[in-house]
Amino acid sequence: MADFAHLDHNVSTWPPWGSLAIDSFMIDNWDTSSDKSDEDQRLALVREFVKVGRRGRQQHARKVAKGTVKPTDDQVGTILQPLRSPVLRYVATKLDGEIRDYNRLRLWLRTDYADEERHKTFCQSILDSDSVDCGEALYEDSTILSNSYFYNFSSWREALDTLPELVAGAECKVEEDTDGGIDYRREKEREYMDHQGEPVSGDISLAAQQDCCAVCYLIVEDQELYATDPPLFHALWLDDCGNIVRENRITTGQASIYPSMAREGMGAENEIWMEAKIGPKYEEGAEFGPPFSV
């Protein structure tokens, strides 16, 4: 397995308390009189941090960027420290910036650790593949979370509960303005409505509108991957609120081809995206699906 695909867990410097957007959010919203246990309240706040989306997180990203979040020892001990280890705080900073293309995180997440030899054989088959350059696309150009000590999550949703930066990262760091930032989702909805039915250059399709909402391209190596021949990743495109925009089961070849197509601006036109199932909240009549209101 290629070391450059994995994050360095042996670093000696950890993100200071109060330096992450979620630190600010947790401290501001912690209820000392809550009937919930501290553990339950932490989980609820992490999920709320994801749910509020890009615009809801901007103020917290700005506060930590200015260095104005100074948690007390009690806040660190009660709220922040039990949430996750210093190593995972470091991982969060990496998800927050260095491995994004065009504001979209590209990540391989392993949730099945039942058979290490099977996993190694699968990885070697990718490196040995001559049908597509899987080795480069899935190893050199991706980041892989595959370490049972740090990432022993049973599902991608459980991973999101610990690493909300999967969808709440670099995209919430916007330029300062007076209205809390640009609402890109609404911008694309309006563009879709403006051009709907018009056979003109630049017409935005529903597929393109939804593609603009995806901030994370996640391929999951789960137990079901090995149930088919060839093995099929669970591919997920998630929005800034942690909702599934689209999902499908795809081959290693497809998993490696899609990022390069997206970088060239053809992600929304690619059959990998077009054939993926639309997520529940993006279906027609759902919260983020058509028809859109003005």
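General remarks:
- Filtered by the rule that a residue be crowded, with 16+ Cβ neighbours inside 10 Å and farther than 17 Å from GLY279 by Cβ, region 234-265 gives THR251, THR252, GLY253, GLN254, ALA255, SER256, ILE257, PRO259, SER260, MET261, ALA262.
- Residues of region 235-294 classified as free of Cβ contacts under 8 Å to residues at least 24 places away in the same chain and either at positive phi or in contact with a Cys (Cβ under 8 Å, 6 or more places away or on another chain) (or both), total: 2
- Count of region 135-180 residues which are touching a Gly at 6+ places or on another chain (Cβ under 6 Å) and modelled with pLDDT of 60 or more: 2
- Failed item, numbered, when ARG104 is tested on (1) of a type in the set (D, E, K, R); (2) modelled with pLDDT under 90; (3) buried (at least 17 other Cβ atoms within 10 Å of the Cβ); (4) within 20 Å of THR162 (Cβ to Cβ): (4)
- Taking every residue in region 40-52 that is in a helix (DSSP H, G or I) and pairing it with any residue that is among the polar types (S, T, N, Q), at least 6 positions away or on another chain, the pairs with Cβ-Cβ distances below 8 Å are GLN41/SER34; LEU45/ASN29; VAL46/THR162; GLU48/ASN29.
- Matching residues in region 269-287 - criterion: being within 18 Å of the chain's Cα centre (by Cα) and buried (at least 17 other Cβ atoms within 10 Å of the Cβ): TRP273, ALA276, ILE278, GLY279, TYR282
- The residues on offer are VAL64, VAL69, VAL46, and the sole one that is under 15 Å from the mean Cα position of the chain (by Cα), crowded, with 18+ Cβ neighbours inside 10 Å and either among the aromatic types (Phe, Trp, Tyr) or at pLDDT 90 or above (or both) is VAL46.
- Residue in region 26-37 that is under 23 Å from TYR151 (Cα atoms), of a type outside the set (Asp, Glu) and touching a Lys or Arg at 6+ places or on another chain (Cβ under 9 Å) present: yes
- Of the listed requirements (1) farther than 24 Å from SER146 by Cβ; (2) aliphatic (A, V, I, L, M); (3) out of contact with any His (no Cβ under 7 Å at 6 or more places or on another chain), ALA21 misses just one: (3).
- Condition met for ILE99 (at pLDDT 95 or above and either over 30 Å from MET261 (Cβ atoms) or surrounded by 12 or more Cβ atoms within 10 Å (Cβ to Cβ) (or both)): no
The values are calculated or read from the model by the stated rules, or taken from the named source; none is laboratory data. Keep in mind the model is a prediction, meaning the values are calculated, not measured. Here Cβ is always computed from backbone atoms with ideal geometry, including for glycine, and neighbour counts include all displayed protein chains.
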